[in-house]
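J.: Below is the structure I would like to discuss, written out as structure tokens.
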Amino acid sequence: MKAVWVLWICGLLLLAAPLAEAAQPQAEPGVAWESLSTQQRQLLANFESRWTQLPPQRQSSLARGSQRWLSMPPEQRQQAGERFKRWQKLDPDQRHLIRHRYQQFKKLPPAEQARIRKNFRQFQSLTPEQRRELRQRFRNLSPQERQRLKEKWRR
């Protein structure tokens, strides 16, 4: 049961990680449009006309993101594109919750983050049927049982 809850949170955190980083204010210098590579400019072409009006941290974030995108193999690009489409379909409250949970996760000690990541990998290694069963077992718990599990997981 512990693994399901932790893995569910971790999955949401992983989905939100790239966007949560962009949401945090950062004191960075802006990026000149001309300093971007040709490939980056092509990828970010929709921003060209308003590039100079974007806040410096947004320019930096877009530049880093475009470089990261260009360095990905095609399979990773496809996966990232699918995650982004799922993110776009979320309503603002869901996005806010995911960002909040990601911020909570980043405040955890490194050992706790590693434990959560390990549990998430274990959950991912289960068959789809095993995952469904584990989720269903968690849903069937009473609120008190869920609370006891959460407290046990935090130890």
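J.: Give me a comma-separated list of calculated 3J(HN,Hα) values for segment 43-52, in order, Karplus coefficients 6.51, -1.76, 1.60 applied at θ = phi - 60°, integers in Hz, x for any Gly or Pro.
T.: So the Karplus estimates, Gly and Pro as x, are 5, 9, 3, 5, 9, 4, 5, 10, 3, 5 Hz.
J.: With unit charges on the beta carbon (Lys/Arg positive, Asp/Glu negative), name the residue among L126, Q88, Q103 whose Cα is farthest towards the positive pole of the charge dipole of segment 71-133.
T.: So the residue we want is Q103.
J.: Here's a follow-up. Just to confirm my numbers, what's the Cα centroid distance between segment 88-120 and segment 128-155 in Å?
T.: What the calculation gives is 18 Å, centre to centre.
Bear in mind these aren't lab numbers, they're just calculated from the coordinates by the rules spelled out. As the structure is a computational prediction, the values presented were derived from the model and not from experiment. Cβ coordinates were reconstructed from backbone atoms using ideal geometry, including for glycine residues, and neighbour counts include every protein chain displayed.
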